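S.K.: Supplied in structure tokens, the structure appears directly below.
Where a number appears in this text, it was derived from the coordinates with a stated rule and is not lab data. Quick caveat, the model's predicted, so the values are computed rather than measured. With ideal geometry, Cβ positions are generated from the backbone for all residues, glycine too; neighbour counts draw on all protein chains shown.
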Amino acid sequence: TEVFKQAFALDEHGSFDAELILEENAALGDYWITVTPKDQSNPNNHWWYYNNQNRFSFKVEEYKKPEYEVLVSLDKSQYVTGDKIEAEISAQYFFGAPVQNAEVEYKIVREHYYIPWYRYMRCSWWYSDYYNRGYNQEVVKVEKGQIGEDGKLKINFQTEPQEDGYNYRYDVYAEVRDASRRTITGSSSAIVAHTEFTLTAHSEKYYYDTDEKIRIRVAAADYSQNPVATSITANLVDYSSRVNNNGKVLKNQTVKTNAKTGEVFVEFDAPRSGYFRIDVEASDSRG
């Protein structure tokens, strides 16, 4: 059922804006917004339809103000594979009293986690919104329990060492149903990784003169992007001949990242013209 239709002229930025006021008795469900050029016969307008980029959707649902909230808190924001995740599910009425003796169903879901390639880019917020999560999701545990007199339930889950080489994000979802059979949900998440922190390296330039110093910025951070102070070893690798497919290490140096920023700059003299790579490595407290 079409509820709104209007023609617009694009402004100097190539955009337009509009609004739709939903009536109090508006139909519930999925709504689709479709944007099309006025002259649909123009072949230059084919890009509008690529991968349904001209369609957007939203939901209209009934809303009832919740009488209580459900919070899921984890003992840490990140873990190393093999660690035990300990969580507390808390249900509290908004007037301050705990939700007592309520039923709880919780599930733990995991998915592959990758350090975003755009993390340190100026527009990282845009990429973060564009690259949605939700791939390789797997439910690893579903259980039921009972909220105590204090409105809380403690749970734990033992992560298993992973041989597949992947890091994971674990999400803990909790559904609490009180005596009035009303269900409220809460969730929390944490990273479970093979290491305690990560390294990134960025070159200031792609091309250097032979009399210039090759300069790169190295950063160490945990999975919450907190800076990490650590010793790193940087290797200058001759990648021109692809010796043993990995290149030949020509020089190396060891430096330490700054405790406040997690960063350090590494410089090498170019030995000659050619194609070179700088590899950095470090060890966490577990080696």
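S.K.: Looking at region 165-190, I want the residues that are free of Cβ contacts under 8 Å to residues at least 12 places away in the same chain and have a partner that is not hydrophobic (A, V, I, L, M, F, W, C) with Cβ atoms under 7 Å, at least 6 apart or on another chain. Which pairs are those?
M.R.: Between residues of region 165-190 that are free of Cβ contacts under 8 Å to residues at least 12 places away in the same chain and residues that are not hydrophobic (A, V, I, L, M, F, W, C), the close pairs are THR183/GLU175; THR183/ARG177.
S.K.: Scan the strands (runs of 3 or more DSSP E) fully inside region 192-244 and keep the ones with 2 or more residues being buried (at least 16 other Cβ atoms within 10 Å of the Cβ) and touching a Ser or Thr at 6+ places or on another chain (Cβ under 9 Å).
M.R.: Correct list: 213-221, 231-238.
S.K.: Condition first: out of contact with any Leu (no Cβ under 9 Å at 6 or more places or on another chain) and in a strand (DSSP E or B). Now tell me which residues in region 168-191 satisfy that.
M.R.: TYR168, ARG169, ASP171, TYR173, GLU175, ARG177, THR183, ILE184, THR185, SER187, ILE191
S.K.: Considering only region 65-89, state which residues are more than 25 Å from the chain's Cα centre (by Cα) and part of a strand (DSSP E or B).
M.R.: The answer is TYR68, and nothing else.
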